[in-house]
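In what follows, a single structure is set out as structure tokens and then discussed.
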Amino acid sequence: MTLPLLCAAFAALSITLYVLLDGFDLGVGALLLLQRHEESRDHMVDSITPTWDGNETWLIMTGVTLLAAFPIAYGILMPALYIPIVVMLLALGLRGVSFEFRSQMKLYRRRWDVIFAVGSIVAAFMQGLILGALLQGVSVQGTTFSGNVLDCIRPFPALCALCVLAGYVVLGGCWLQFKATSQLHGFSGRTLRIALPLFMLAFFAVGGMSLFVQPGIVAAWQDHPVLLGTLSCIVLLAAFILFGSIGKRPDVRPLIAGLVMIAAGIGGLAILVFPTIVPFRISIWDASSSRLSQIFLLTGAIVVTPVVLGYSLFAYWVFRGKTPEEGWDGYE
Amino acid sequence: MSLNPATLARVQFAFTVSFHIIFPTMSIGLAMFLAVIEGLWLKTKNDLYLQIYRFWLSIFAMGFGVGVVTGIVLSFEFGLGFARFAQLAGPAIGPMIALEVLTSFFLEAGFLGIMLFGMHRVGPTLHYFATCMVALGTLLSASWILSANSWMQTPDGVAVRNGRLVVVNWWHVLNNPSWLVRLPHMLSAAYLTASFLVAGVGAWYLLRGKHLAFAKKTVALGTASATVLIAGQVFIGDILYGTMLKHQPSKMQAAEGFWEKESASPAPYYWVIAPNQKEQRNRFALGVPYLGSIWLTHSLHGRVEGLKNTPAEQQPIMGMVFYGFRIMYGIAILMFAVATASLWLRWKRRLFTTRWFLRCLVMMTPSGIVATLGGWYLAETGRQPWVIFGMLRTIDAVSPVPAQTLLATLIAFVCIYAFFMTAFLVFVARIIRRGPESASIHAEASGSLKNALRPQVLDSPNATAALGRVGR
Ligand code: HDD
Ligand code: HEM
Ligand code: HEM
């Protein structure tokens, strides 16, 4: 009984870490498009280069946890979300190779930066579509997807996509507040002042519209009004703190506020869909894989995750402090 | 070929996974090579090793990057293209891949940043540790994914209850009958690949009379490790052949190109065939007489089993399996020949001056990659028509995604991957043309190499600033 719960908790942990960590990477990537000075763009990319790969790995972890612990859900969701997932993967690919390739040639760096930014934006947008499609609900018959692959391309998912993109840009701005110096620091402050209100607007629009597209969400609000209300308040409060701390010291405060804000949002989503894994359709118990499989997965997760978190933190610590304006290392 | 979802899903999977494996093979091999080189540098303090390290590190980094982004696609593709397979096999292969992510992808990712950018921040010893962790990560990754794939080839330790797969014995799932033979074969393939890459680039410089110290060292190292590895590989390959013959006779029947239940005696060893699957015969076949009997039955007149021993609806497509095997095997023979020649020339002290040999090395540069692809085509197409051998047919595993969508995404994959490959090749060619000296130029600009690497400069922004961004 509890095994599927624990597996679901691990999947939730993975996706949360992914959104928080790759969120600011993608946000920084998206902001490359707005930054005219090449020096500053180098600086922006340098601030995420050493750690982005580990951040992205949480996405793989989420997908594979689904495969291992809830194969039924994995087999329904992948075809249902086929289009946004494939496009997201391709966009992440373009973004990922740009890290290496942009540093190879000064001449075309500008073009690689456009690819980098477009890859980041499209990936963020697709993740929002996925979220929207999940909330709106996918068609299921037995254990197979029975809808149309185009179901996810509708107004509500599109609104979610804008919301996620705005959220990532906010995180990216917060990250730059923390890591960047001088002119880039100012740039990130200016972006935050615009992106944050936009995000809040989109966030509450999604919240409102969701009540009309998915009856399950109405039911969830009736079941847990206090919990969901509290989380919404935390989001709002964090947003205010974030706004007030832009450009001020300590420069880590916007980042912390931004992370708390997004994490509270994810917490709310978790409460909305719980205890289903194919949202509002199939419960975590019905989608579970065999007992021994879940035990194997959890044993691995419990033993190894602390170590992973340990050396990931170590990697962040090695590259702590402000990102040097001339890069990490004369050699790249 | 009609436009049906099953075919398209398979082509898409085959394309993306074939593209992916090119890069892991290089990453696994080069990571180990870099670990060895950095170890030698720390031990001898000979700056030549540092130069070799930096040169190959920049190529490794790009290959690794492409490996990562194409790998992510694969972990979702099980469900995208083969939903039913994912639902059935998830309980068995899912946890293995999950452990792969936890034990190796995070390890690689965590230490890769330090390996690439952290020399100034952590100092040589800790940096060496990071290199070793990345190499260890690639090794663990190969172990897990091969266990998963081997389970699909030779499933064990599971039962099917109510249409769902249940693991009854994890040890049997992990240590399934083919894993411990396939793993060393794959690892040694990756190390061979790296050896030939390294030796090939060195030989190219020698032929042009450039970067001689660098070139001699890498040719010597590359041919030495290739010699040891190919001897081992032929041996492991032979054991693997026996294992697969026992568990998947249909694969090995197809791999040898015979149709009749028993071949003629003495059996030839075919090199070129034109099979006609429908009529269950070869339109045309060319081979070396007697060799089939000798190699496959270890006697002069032995007969070899043909594909008709397997019912037609359970046969793989002979052409793919056969040529996959011939490509791998043919290259193994070439590698063996090159290794033997290198021993002879080394003994004669002409290893660096024999131009025909150096030209051979240059031509053999990508041989490991080609052989690896051949090997995987043998293994995977030979498993057909099953996706999990004997348990689930590939046709029954396909996702409910319409053919047009699959076709559109296939085209997108082909275009974007072609772009990745072009960029990768262009940049690698540039790095090679510029030569190893430019790889360490920045460090020299700051004075002495060792100075730049001493931990004192760790957090001093001025020292890093002095290095400038020459390479950018
Ligand atoms: C024998 C080795 C081997 C094989 C057969 C495969 N891979 Fe791979 N894979 C690696 C060896 C590897 C590696 C050496 O560990 C890579 C290459 C570059 C890298 O970052 O790690 C990698 C990267 C890599 C990544 C990105 C990891 C990261 O972010 O660091 C994923 C998600 C996968 N692979 C998934 C797969 C799947 C689902 C496969 C099966 C179809 C597969 N790989 C075949
Ligand atoms: C990395 C090297 C690999 C290569 C080059 C390779 C090649 C291929 C090819 C050519 C096919 C299509 C076969 C056909 O339709 O005739 C295929 C199918 C497939 N392979 Fe592999 N493969 C590799 C590794 C793996 C691994 C490690 C796994 C799983 C853990 C795997 C799982 C599958 C699956 C699920 C299919 C689709 C179903 C099928 O057509 O059988 N492959 N692969
Ligand atoms: C005499 C030499 C060799 C023999 C007899 C041999 C034999 C085999 C056999 C029987 C398989 C099929 C395994 C399966 O169905 O799962 C295989 C696969 C493979 N071979 Fe070879 N091989 C030889 C040389 C090589 C060389 C030189 C390379 C690369 C440098 C190589 C790379 C591979 C790879 C990557 C695979 C697929 C992975 C796997 O199935 O383990 N082989 N080999």
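The values are calculated or read from the model by the stated rules, or taken from the named source; none is laboratory data. Please read these numbers as outputs of a predicted model, since none were measured by experiment. Methodologically, a virtual Cβ is constructed for each residue, glycine included, from the backbone with ideal geometry; neighbour enumeration extends over all protein chains shown.
Kindly provide the set of residues from segment B:33-57 that are polar (S, T, N, Q) and in contact with a helix residue (DSSP H, G or I) (Cβ under 7 Å, 6 or more places away or on another chain), ordered by number.
Of segment B:33-57, the ones polar (S, T, N, Q) are B:44, B:46, B:51.
Across segment B:33-57, the qualifying residue is only B:GLN51.
Of all residues in segment A:128-153, which are modelled with pLDDT under 90 and either surrounded by 24 or more Cβ atoms within 10 Å (Cβ to Cβ) or of a type in the set (D, E, K, R) (or both)?
A:PHE145, A:ASP151, A:CYS152
Residues that are more than 16 Å from ligand 2 (Cβ to nearest atom), of a type in the set (D, E, K, R) and not in a helix (DSSP H, G or I): does segment B:350-370 have at least one?
yes
Of (1) within 30 Å of B:MET335 (Cα to Cα); (2) modelled with pLDDT under 95; (3) within 16 Å of ligand 2 (Cβ to nearest atom), B:LEU212 satisfies all except one. Which?
With respect to (1) within 30 Å of B:MET335 (Cα to Cα); (2) modelled with pLDDT under 95; (3) within 16 Å of ligand 2 (Cβ to nearest atom), B:LEU212 is out only on (3).
In segment B:1-15, how many residues are more than 9 Å from ligand 2 (Cβ to nearest atom), among the hydrophobic types (A, V, I, L, M, F, W, C) and crowded, with 19+ Cβ neighbours inside 10 Å? If you could, list the steps in order and put the result at the bottom.
First, pick out the residues of segment B:1-15 that are more than 9 Å from ligand 2 (Cβ to nearest atom): B:1-5, B:8, B:12.
Filter again for among the hydrophobic types (A, V, I, L, M, F, W, C), leaving B:1, B:3, B:8.
The next check asks that each one be crowded, with 19+ Cβ neighbours inside 10 Å; those that pass are B:8.
The number of residues fulfilling the criteria is 1.
Which ones in segment B:115-132 are facing chain A (nearest Cβ under 8 Å) and part of a helix (DSSP H, G or I)? Before you say what the answer is, go through the steps one by one.
Kept after step one, since they are facing chain A (nearest Cβ under 8 Å), are these residues of segment B:115-132: B:116-122.
Within segment B:115-132, B:LEU116, B:PHE117, B:MET119, B:HIS120, B:ARG121, B:VAL122 meet the criteria.
Taking segment B:50-60, which residues are more than 8 Å from chain A (Cβ to nearest Cβ) and either more than 13 Å from ligand 1 (Cβ to nearest atom) or surrounded by fewer than 22 Cβ atoms within 10 Å (Cβ to Cβ) (or both)?
B:LEU50, B:GLN51, B:ILE52, B:TYR53, B:PHE55, B:TRP56, B:LEU57, B:SER58, B:ILE59 - these are the residues of segment B:50-60 that are more than 8 Å from chain A (Cβ to nearest Cβ) and either more than 13 Å from ligand 1 (Cβ to nearest atom) or surrounded by fewer than 22 Cβ atoms within 10 Å (Cβ to Cβ) (or both).
Just for segment B:332-348: of the residues that are closer than 16 Å to B:ASP238 by Cβ and buried (at least 16 other Cβ atoms within 10 Å of the Cβ), which one is farthest from ligand 3 (Cβ to nearest atom)? Spell out how you get there, then give the answer.
The first filter runs over segment B:332-348 and keeps only residues closer than 16 Å to B:ASP238 by Cβ, leaving B:332-333, B:335-336.
Those left that are additionally buried (at least 16 other Cβ atoms within 10 Å of the Cβ): B:332, B:335-336.
Working: B:ALA332: 4, B:MET335: 6, B:PHE336: 8 Å.
The extreme case among them is B:PHE336.
Kindly evaluate B:SER18 against the criterion of being in contact (Cβ under 8 Å) with a residue 60 or more places away in the chain, within 13 Å of ligand 2 (Cβ to nearest atom) and more than 13 Å from chain A (Cβ to nearest Cβ). Give the steps one after another, and end with the answer.
Values: in contact (Cβ under 8 Å) with a residue 60 or more places away in the chain: yes; within 13 Å of ligand 2 (Cβ to nearest atom): yes; more than 13 Å from chain A (Cβ to nearest Cβ): yes.
Here the answer is yes, as B:SER18 does meet what is asked.
Inside segment B:61-96, can you point out the residues that are among the hydroxyl-bearing types (Ser, Thr, Tyr) and either within 7 Å of ligand 1 (Cβ to nearest atom) or touching a Pro at 6+ places or on another chain (Cβ under 8 Å) (or both)?
Listed by number, the list holds a single entry, B:SER75.
Check segment B:303-321 and report whether any residue there is within 16 Å of ligand 2 (Cβ to nearest atom), surrounded by fewer than 20 Cβ atoms within 10 Å (Cβ to Cβ) and within 20 Å of the chain's Cα centre (by Cα).
Yes, the conditions are met somewhere in segment B:303-321.
Only one residue in B:ARG355, B:ARG383 is within 16 Å of ligand 1 (Cβ to nearest atom) and either closer than 30 Å to B:LEU30 by Cα or in contact (Cβ under 8 Å) with a residue 60 or more places away in the chain (or both), so which one is that?
B:ARG383
State whether one or more residues within segment A:176-199 are under 15 Å from A:GLY265 (Cα atoms) and touching a residue at least 24 places away in the same chain (Cβ under 8 Å).
For segment A:176-199, residues under 15 Å from A:GLY265 (Cα atoms) and touching a residue at least 24 places away in the same chain (Cβ under 8 Å): present.
Quick check: is even one residue across segment B:101-114 more than 8 Å from every other protein chain (Cβ to nearest Cβ) and touching a residue at least 60 places away in the same chain (Cβ under 8 Å)? First the steps, then the outcome.
Residues of segment B:101-114 more than 8 Å from every other protein chain (Cβ to nearest Cβ): B:104.
Still in the running and touching a residue at least 60 places away in the same chain (Cβ under 8 Å): none.
No, because not a single residue in segment B:101-114 is more than 8 Å from every other protein chain (Cβ to nearest Cβ) and touching a residue at least 60 places away in the same chain (Cβ under 8 Å).
Checking the conditions here, which among B:LEU197, B:LEU180, B:LEU192 is free of Cβ contacts under 8 Å to residues at least 40 places away in the same chain and under 25 Å from B:TRP376 (Cα atoms)?
One residue alone meets the criteria, B:LEU180.
Here are some residues: A:LYS322, A:LYS248. Which one is surrounded by fewer than 20 Cβ atoms within 10 Å (Cβ to Cβ) and more than 14 Å from chain B (Cβ to nearest Cβ)?
The match here is A:LYS248.
Within segment B:193-204, is even one residue at pLDDT below 90 and of a type outside the set (A, V, I, L, M, F, W, C)?
no
Does segment B:25-32 contain at least one residue that is part of a helix (DSSP H, G or I), away from ligand 3 (no atom under 16 Å from the Cβ) and in contact with a helix residue (DSSP H, G or I) (Cβ under 8 Å, 6 or more places away or on another chain)?
Yes, the conditions are met somewhere in segment B:25-32.
One residue is enough: does segment B:97-106 have a residue meeting the conditions away from ligand 1 (no atom under 11 Å from the Cβ), of a type in the set (D, E, K, R), in a helix (DSSP H, G or I) and on the phi < 0 side of the Ramachandran plot?
No.
Would you list the helices (runs of 4 or more DSSP H) that sit entirely within segment A:122-236 and hold 1 or more residues that are in contact with a strand residue (DSSP E or B) (Cβ under 9 Å, 6 or more places away or on another chain)?
By residue number, A:215-223.
Since A:PRO84 meets every condition but one in (1) under 30 Å from B:VAL428 (Cβ atoms); (2) touching a residue at least 12 places away in the same chain (Cβ under 8 Å); (3) not small (Gly, Ala, Ser), which condition does it not meet?
So A:PRO84 meets the others, but not (1).
Within segment B:142-164, which residues are within 10 Å of chain A (Cβ to nearest Cβ), surrounded by fewer than 22 Cβ atoms within 10 Å (Cβ to Cβ) and either near ligand 2 (Cβ under 9 Å from one of its atoms) or not basic (Lys, Arg) (or both)?
B:GLY157, B:ALA159, B:GLY163
Would you mind telling me which numbered condition in (1) buried (at least 23 other Cβ atoms within 10 Å of the Cβ); (2) more than 7 Å from chain B (Cβ to nearest Cβ) A:ARG109 fails?
(1)
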